[in-house]
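**Q** Pasting a structure below so you can have a look.
Bear in mind that the values in this text are calculations on the coordinates, not laboratory data. These numbers were taken from a predicted model, which means no experiment stands behind them. Cβ placement follows ideal geometry from the backbone for every residue including glycine, while neighbour counts extend to all protein chains displayed.
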Amino acid sequence: MLAETEEVEGERLRIDCPVLVTERLVLRPPHEDDIPELVELANNRRIAEMLSRMPHPYSEADAQAFLHSSRVCVRGGCHYAVTLANRGAFVGCAGLEMGGRGLELGYWLGEPYWGFGYATEVAHALVDLAFRASDIDKLNISCRVINDASRRVIHKCGFQYVGQATMDSVVAGTVPVERYELDRKTWVSLRSWGV
């Protein structure tokens, strides 16, 4: 569920974050047992270059800081460890959080798990959560202009291109990104995910 809470800087959205189960994945809160796999998968420059806040190299201290920020909801929203339902293996992270344009969707998967459709499965689950647990009118997402795989996921979820901007990446510096939005009306028409 989504609730409004007062903060010193103003209002923000706060989402109760249920465990999400898809056909092949479980999205659950990250925990200490994830740290070895998190460090191993996140310590990949190809991933860090596509994200704003992921450092490279990625250390155990970085993983601990991520777990702490996830627990205290520094940016609001939900933060998930993405795991394989059949083995419980940690494969990446995903979440919904408040940004400058409203609620934003984000995700990354470890390179060994690319190309299996997991990112689309994660994105569908989080899009559904965002619209079912709130009364938001639109959901936002961005990707680097060079990230063709993420763009394909974004299109499969029904997001519409709204323009370009720049993002400050810890690893790559200031880089161009494409911005997308998904409005509630479009989500309602697509929620069977037949796209």
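**Q** Need the failing condition index for Ala94 against (1) touching a Gly at 6+ places or on another chain (Cβ under 9 Å); (2) without any contact (Cβ under 8 Å) to a residue 12 or more places away in the chain, just the number.
**A** Going through the list (1) touching a Gly at 6+ places or on another chain (Cβ under 9 Å); (2) without any contact (Cβ under 8 Å) to a residue 12 or more places away in the chain, Ala94 breaks only (2).
**Q** Turning to a different aspect of this structure: Could you look through region 26-55, keep only residues that are assigned to a strand (DSSP E or B) and in contact (Cβ under 8 Å) with a residue 60 or more places away in the chain, and pick out the one that is surrounded by the most Cβ atoms within 10 Å (Cβ to Cβ)?
**A** Leu27
**Q** Restricting to region 156-187, what's the tally of residues that are out of contact with any strand residue (DSSP E or B) (no Cβ under 9 Å at 6 or more places or on another chain), over 18 Å from Leu51 (Cα atoms) and in contact (Cβ under 8 Å) with a residue 24 or more places away in the chain?
**A** Residues meeting the conditions: 1.
**Q** Right, next: Considering only region 106-120, I want to know if a residue exists there that is within 21 Å of Asn43 (Cβ to Cβ), aliphatic (A, V, I, L, M), touching a residue at least 12 places away in the same chain (Cβ under 8 Å) and not in a strand (DSSP E or B).
**A** yes
**Q** In addition: For region 121-135, how many residues are assigned to a loop (DSSP other than H, G, I, E, B) and either acidic (Asp, Glu) or surrounded by fewer than 18 Cβ atoms within 10 Å (Cβ to Cβ) (or both)?
**A** So the count comes out to 1.
**Q** Going by the structure shown, is Ile154 assigned to a loop (DSSP other than H, G, I, E, B) and within 19 Å of Tyr80 (Cβ to Cβ)?
**A** no
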